[in-house]
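The values are calculated or read from the model by the stated rules, or taken from the named source; none is laboratory data. Keep in mind it's a predicted model, so treat the numbers as computed, not measured. Positions of Cβ are backbone-derived with ideal geometry, glycine not excepted, and every protein chain shown enters the neighbour counts.
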Amino acid sequence: MNKLTSGKKLVLILADGLRAEIARNYMGYLQAINEAGRAQWRSLNCELPSLSRPLYATLINGQTPLDHGIVSNAQAGQRCGSTVFDDLAAAGGSSAVAAYHWFFELLSGQRFEPARHRHEALPAAGVQAASWYFEDEYPDSHLLADAEHLRRSVNPDLLFIHPMGPDHAGHQFGGESTAYSMCARKLDMMLALLLPTWHAAGYDVLLTSDHGMHADRMHGGPLAIEREVPLVWLPCTGNAMDCVLPDSQLGLRSFVVHHLIAH
Ligand SMILES: [Zn+2]
C-alpha cells in the first residue's frame with residue numbers, strides 16, 4: 001500500500017545550467033502562469049563549486065559539496081550518500097527519473113555503461129523506473145518525451161526530469177549568446193505542451209537548475225551569473241502561495257519530502 005498520504009505528486013525539473021535571469025526573461029509561458037498569480041518565482045544562489053556533478057549530489061542529497069564529498073565533475077562512479085529518492089521509497093512512494101548518466105553514477109555508485117544501464121531502474125536507490133542519457137547534446141525534446149513516457153507507464157509520486165540543453169548551449173556559445181537564450185525559449189515552449197497535462201494528472205511542478213553560466217562558456221565560481229538559478233513553483237491547484245519554498249539548494253530534499261509525505 002502506498003503510504004504517501006499527502007495525496008500529492010510532483011514533477012521536479014532540473015534544467016542544467018539555466019541562469020536565473022535567463023529563465024525570467026525568456027520563459028514566457030511560465031511567466032504567463034506567474035502573471036496570473038498561479039506561480040511562485042524565486043531564485044537561489046547555488047552551492048559551491050558551481051559545477052554539475054557536485055550540485056547534482058547537493059540537490060538530491062541536501063548537503064554541500066564539501067559535506068557530501070562530491071567536489072569535482074571527475075568523480076565518476078562515486079555514490080553521493082542517501083537521497084530524496086531513498087526518503088520517498090522509505091515512505092512507500094515511487095520515483096521515476098529521466099536524467100544524465102552522472103545521476104545514475106551518484107545513485108548507484110557504479111560507472112555508467114550505456115548498453116547495460118541506459119534504461120536501468122535503481123530500486124535499491126529508490127528509483128523504480130529510469131531513462132539515462134550520456135551525450136551532452138541529447139535533445140531536450142527527446143528527454144522530455146522519455147520522461148513523459150515514464151510518467152505514463154508507472155505513474156510515479158515523483159518524476160525527476162533533467163534536460164541538458166541550456167548547459168550544452170552555454171558551453172558552446174556562452175551565457176550571453178542567442179543559442180543559450182534560445183534554449184530557454186525552446187524549453188518554455190515544450191513545457192507549454194506538457195504542463196497542462198501534468199496539472200490535469202494532479203502533479204505540482206517545480207523548476208530549478210544546478211548552476212548558471214558565464215559568457216566565457218564556463219561556470220564553477222561564485223559570480224552571480226554562475227550562481228543564481230531559478231526556483232519556480234507551479235502547483236496544479238494554482239494556489240502558489242500555500243507553499244514555503246526552500247531558500248537554498250540544501251533545502252530542496254526536505255521540501256520534496258515534506259510536500260509528498262504527509263505528517
Ligand atoms: Zn556545465
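Among the residues of segment 239-263, which ones are exposed (fewer than 13 other Cβ atoms within 10 Å of the Cβ) and either of a type in the set (Phe, Trp, Tyr) or over 20 Å from Leu48 (Cα atoms) (or both)?
Restricting attention to segment 239-263, the residues satisfying the condition of being exposed (fewer than 13 other Cβ atoms within 10 Å of the Cβ) are 239, 241-242, 244, 247, 262-263.
Answer for segment 239-263, where residues must be exposed (fewer than 13 other Cβ atoms within 10 Å of the Cβ) and either of a type in the set (Phe, Trp, Tyr) or over 20 Å from Leu48 (Cα atoms) (or both): Asn239, Met241, Asp242, Val244, Ala262, His263.
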List pairs: first in segment 81-101 and surrounded by 23 or more Cβ atoms within 10 Å (Cβ to Cβ), second among the acidic types (Asp, Glu) and in a helix (DSSP H, G or I), Cβ under 7 Å, 6+ apart or cross-chain? Ala98/Asp146
Tally of residues being without any contact (Cβ under 8 Å) to a residue 60 or more places away in the chain and touching a helix residue (DSSP H, G or I) at 6+ places or on another chain (Cβ under 8 Å) across segment 216-243: 3
Count of residues meeting criterion [of a type in the set (A, V, I, L, M, F, W, C) and without any contact (Cβ under 8 Å) to a residue 40 or more places away in the chain] in segment 113-158: 9
Unmet criterion (only one of (1) closer than 20 Å to His258 by Cα; (2) out of contact with any strand residue (DSSP E or B) (no Cβ under 9 Å at 6 or more places or on another chain); (3) modelled with pLDDT of 95 or more; (4) not basic (Lys, Arg)) for Phe85: (2)
Within the set of pairs 6+ apart or on separate chains, which have a first residue in segment 58-77 that is assigned to a loop (DSSP other than H, G, I, E, B), a second that is of a type in the set (Val, Ile, Thr) and modelled with pLDDT of 95 or more, and C-beta atoms under 7 Å apart? Thr64/Thr58
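I'd like to check which helices (runs of 4 or more DSSP H) are fully inside segment 150-263 and have at least 2 residues that are within 16 Å of the ligand (Cβ to nearest atom) and under 18 Å from Ala99 (Cα atoms). Show your work before the answer.
On the way: elements: 165-173, 178-200, 224-227, 252-260.
Where helices (runs of 4 or more DSSP H) fall fully within segment 150-263 and carry at least 2 residues being within 16 Å of the ligand (Cβ to nearest atom) and under 18 Å from Ala99 (Cα atoms), they are 165-173, 178-200.
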What are the pairs, 6+ residues apart or on separate chains, where a residue within segment 244-263 that is in contact (Cβ under 8 Å) with a residue 40 or more places away in the chain has its Cβ under 6 Å from a residue that is in a helix (DSSP H, G or I)? Pro246/Leu252; Pro246/Phe255; Gln249/Thr58; Gln249/Leu59; Leu252/Leu59; Arg253/Val84; Val256/Val84; Val257/Asp87
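Would it be correct to say that Leu48 is assigned to a loop (DSSP other than H, G, I, E, B) and buried (at least 18 other Cβ atoms within 10 Å of the Cβ)? Please lay out each step first, then the result.
Numbers: assigned to a loop (DSSP other than H, G, I, E, B): yes; buried (at least 18 other Cβ atoms within 10 Å of the Cβ): yes.
Here the answer is yes, as Leu48 does meet what is asked.
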